[in-house]
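**Student:** Pasting a structure below so you can have a look.
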Amino acid sequence: MNTKEIIEIYNRYVIPNYTRNPILLTKGHGVDVWDAEGKRYLDLFSGWAVSLLGHCNSSVVKAIQTQASKLIHAPNIYYTEPQGLLAKYISEKSFGGQCFFCNSGAEANEAAIKLARIHSSSTGRYKIITFSDSFHGRTIATVSATAQPKYQKGFAPLVEGFTYVPFNDLDALKKAVDDKTCAIMLETIQGEGGINIANKDFLQGVRKLCDEKGLLLILDEVQCGMGRTGKYFAYQHYDIEPDIMALAKSLGGGISIGAMTAKKEIAKSLVPGSHASTFGGNPLACSAGVAVFETIEKENLLENVKKMGSYSIDQLKLLQKAHKVIKEVRGVGLMIGTELNVNGTEIIKNCIQAGLFLNCTHETVIRFMPPLNVKKENIDEGLTILKTVLFNLNL
Ligand SMILES: *Cc1c(COP(=O)(O)O)cnc(C)c1O
């Protein structure tokens, strides 16, 4: 079927809760994606950082194909090798905790919220502090944790017990802690909020505050984790460790999977019967996750992220010199935001028409999150398109 026919079907049968571009995607390979008419696009956004190793990475494809022919689903009352191996990878590459598996970022955060509450339940503490411009997901609890009114509008009453504080403001945070607070939850680098990087003093101060007051530190690394910043997890740039961490998006290299990992002494509060997910940790998704870790290791991709990240930031800063519309370039590794002094929607629309997938978040921030194995020539090609678009729009 062609683009027009599929769009007609969507218009009739699919709930219109997304703003979609009129493009029917049919296949992808590495940084390239094609539509039904055979047009090629360069994808430097990776679908919200999901396609961590590019589209249809051969190791991920092979892992899924092999696993699919053996066992696709197994209920969590049995054991499977992929779930065990993926938990081991996550634990060994982070802070030595234990994992609970689910299917998305919202569910990983939901599990983190539930764990923080049940772990603190004997003390009567249940409040969780989150931050301005955060994004933690769309379930009713995670949207309550998300301190942005635009995501909450129309869904009242929200889940009780969330307190919001300005991001990177340690004094305000200290004032917000009370005798009912059980946890502090934040993205190490805010993604949806516009690539806002936690200051080192701030995050270290949060850790210290948690230690002093006996609070749990929950880091949402759903977007910034899995090597995107040049270390496996963004908190590893800060010489601190969280107590609980949420992962999803890129964890399965394109397959839907989420994970919450927590220090063992906290994780044990999640006793049998307290929490579960039917599909969580299924062998198919976990085999993809294992392939992602193996590929990052085998291809030394964290090194590539550092190199390509600093190259991209340098090139974007050069672009900034020529285009006053660019206010600031900021990022860590391959999680990069280019802040404009205009709304970026038109620029992104033009980029997509010109064959480049990028995204604009928080109205004015162009988000650049190519796969970890991106090459210099891909970045050059993308920036040439962006430059032409800015030039043609007289920006
Ligand atoms: C995308 C995102 C989520 C939600 O993940 P879903 O898989 O869409 O539920 C949560 N936290 C952060 C930081 C995200 O970027």
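**Student:** In the chain, how does Rg compare with the Kirkwood Rh, expressed as the Rg/Rh ratio over alpha carbon atoms? Provide the component values of the computation, followed by the final result.
**Tutor:** Values: Rg = 20.9 Å, Rh = 21.8 Å.
In the chain, Rg relative to Rh is 0.96.
**Student:** Skipping prolines and chain starts, which residues have an amide H placed within reach, meaning under 5 Å, of the one on ALA74, given they are 5 or more residues away or on another chain?
**Tutor:** Amide H neighbours of ALA74: none.
**Student:** Would you please classify the overall shape of the stretch 220-314 from the alpha carbon gyration tensor, given that a ≥ b ≥ c denote the square roots of the eigenvalues, rounded means a/c under 1.5, and beyond that prolate means a/b larger than b/c while oblate covers the rest? Write down the numbers at each step before the final one.
**Tutor:** Numbers: a/c = 2.67, a/b = 1.54, b/c = 1.74.
Note, shape of the stretch 220-314 comes out oblate.
**Student:** Along the stretch 271-276, what does the Karplus equation 6.51 cos²θ - 1.76 cosθ + 1.60 (θ = phi - 60°) give for ³J(HN,Hα), rounded to whole Hz, x for Gly and Pro?
**Tutor:** Per residue, the Karplus-derived 3J(HN,Hα) values read 6, x, x, 7, 7, 6 Hz.
**Student:** Still on this structure: Using 1/(1 + (r/R0)^6) with R0 = 56 angstrom and r between the beta carbons of ASN394 and ALA276, what's the FRET efficiency to the nearest 0.05?
**Tutor:** Working: r = 55 Å, r/R0 = 0.99.
Result of the calculation: an efficiency of 0.50.
**Student:** Using the alpha-carbon centroid of each, what span in Å lies between the stretch 42-97 and the stretch 308-333?
**Tutor:** Computed from Cα coordinates, the inter-centre distance equals 32 Å.
**Student:** Quick one: if you stick a label point 7 Å off each Cα along the C-beta vector at ALA74 and HIS323, how many nm between them?
**Tutor:** 5.0
**Student:** Hey, another quick one. Taking 0.36 nm per residue of separation and subtracting the Cα-Cα distance, what length does fully extending LYS150 through LYS213 add? Walk me through the numbers before you get to the answer.
**Tutor:** Working: separation 63, 0.36 × 63 = 22.68 nm, distance 3.19 nm.
Answer, rounded to one decimal: 19.5 nm.
**Student:** Taking 45 Å as R0, compute the FRET efficiency from the Cβ-Cβ separation of LYS349 and LYS307 and round it to 0.05. Please report the intermediate quantities before stating the final value.
**Tutor:** Values: r = 31 Å, r/R0 = 0.68.
After rounding, the FRET efficiency stands at 0.90.
**Student:** Next question. Just want to confirm a number: the relative contact order over the stretch 59-298, from Cα pairs under 8 angstrom separated by 6+ residues, in percent.
**Tutor:** Averaging sequence separation for qualifying contacts and normalising by length gives 31 percent for the stretch 59-298.
**Student:** Multiplying the sequence separation of ALA176 and ASN2 by 0.36 nm and subtracting their Cα-Cα distance, what value in nm do you get?
**Tutor:** Numbers: separation 174, 0.36 × 174 = 62.64 nm, distance 5.46 nm.
Using 0.36 nm per residue and subtracting the Cα-Cα distance, I get 57.2 nm.
**Student:** Quick check on my link table: of LYS39/LYS307; LYS127/LYS174; LYS150/LYS180; LYS231/LYS298; LYS39/LYS317, which ones sit more than 22 Å apart, alpha carbon to alpha carbon?
**Tutor:** Numbers: LYS39/LYS307 30 Å; LYS127/LYS174 14 Å; LYS150/LYS180 27 Å; LYS231/LYS298 15 Å; LYS39/LYS317 30 Å.
Check vs 22 Å cut-off fails for LYS39/LYS307; LYS150/LYS180; LYS39/LYS317.
**Student:** What full-extension length gain, to one decimal in nm, is calculated for GLU160 and GLU294 as 0.36 nm per residue of separation minus the Cα-Cα distance? Could the numbers behind the result be given before it?
**Tutor:** Values: separation 134, 0.36 × 134 = 48.24 nm, distance 4.09 nm.
Contour length minus Cα-Cα distance gives 44.1 nm.
**Student:** What distance in nm separates the simple spin-label points at THR26 and ARG138, each placed 7 Å from Cα in the Cβ direction?
**Tutor:** My value for the distance between the label points is 2.8 nm.
Where a number appears in this text, it was derived from the coordinates with a stated rule and is not lab data. Please read these numbers as outputs of a predicted model, since none were measured by experiment. Note that we place each Cβ from the backbone using ideal geometry, even for glycine, and neighbour counts take in every protein chain shown.
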